[in-house]
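For reference, the structure is listed below as structure tokens.
The values are calculated or read from the model by the stated rules, or taken from the named source; none is laboratory data. Being a predicted model, the structure only gives us computed values, none of them experimental. Cβ coordinates were reconstructed from backbone atoms using ideal geometry, including for glycine residues, and neighbour counts include every protein chain displayed. The protein model used for the area step is the full one, side chains on, heavy atoms only, and it has no ligands, DNA or RNA in it. Shrake-Rupley method; radii C 1.70, N 1.55, O 1.52, S 1.80 Å.
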Amino acid sequence: MSVLQEFKKFALQGNVTDLAVGIIIGAAFSKIVNSLVEDVVTPAVLTPALKAAKLTDLTQLVIPGTAIKYGNFLSNILSFIIVAVALFIVIKLINTAKKKEPVAAPLAKESSTTDTLLTEIRDLLKKE
């Protein structure tokens, strides 16, 4: 089997395709979450703190005399928390939506004809 055929077989497996779809959807979801954090949550939560510090933008929150932007760090923490909560809710909904399939009772093992004959012989010998 050539390397190209092996790669084609690998790349077209279901798991690889599912992973690719997940990454693409994750990237799109990341943009939504970033917008939610930067445009909705951060202004709503941090606006009073920013006004108290006499700042207009979260990126202006820096440690004086350094290049450490803890405002961006706070924004990323909020983004992570929102993603984690959203994923938790989605996974919880998926798990509750899955129907629990009833466990089938194990089938009785069929005895072979030899076992059946031996059992009958035993039973006949017991009767005598």
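Some points to look at:
- A simple charge model with +1 on the Cβ of Lys and Arg, -1 on the Cβ of Asp and Glu and nothing else charged puts the dipole of the chain at about 380 debye relative to its Cα centre.
- Relative packing of 84-95, 68-79, which averages over residues the other C-beta atoms within 10 Å, highest first: 68-79, 84-95
- FRET efficiency, THR56 to PHE88 (Cβ-Cβ, R0 35 Å, nearest 0.05): 0.55
- Options GLY65, ILE25, THR119, ranked by Cα towards positive dipole end of the chain, top entry (Cβ charges): GLY65
- Spin-label pair ASN72/GLU128, simplified geometry with 7 Å Cα→Cβ offset, distance in nm: 9.6
- Reported label for calculated Rg and Dmax of the Cα atoms in Å given [x] 16.0, 54; [y] 17.0, 61; [z] 31.9, 106: [z]
- The chain: relative contact order in percent, alpha carbon pairs under 8 Å with at least 6 residues between: 15
- Size of region 40-90 from its Cα atoms: along the principal axes, largest to smallest, the extents are 42, 22, 10 Å.
- Of the solvent-accessible surface of the chain, computed with a 1.4 Å probe and all protein chains present, 68% belongs to carbon and sulfur.
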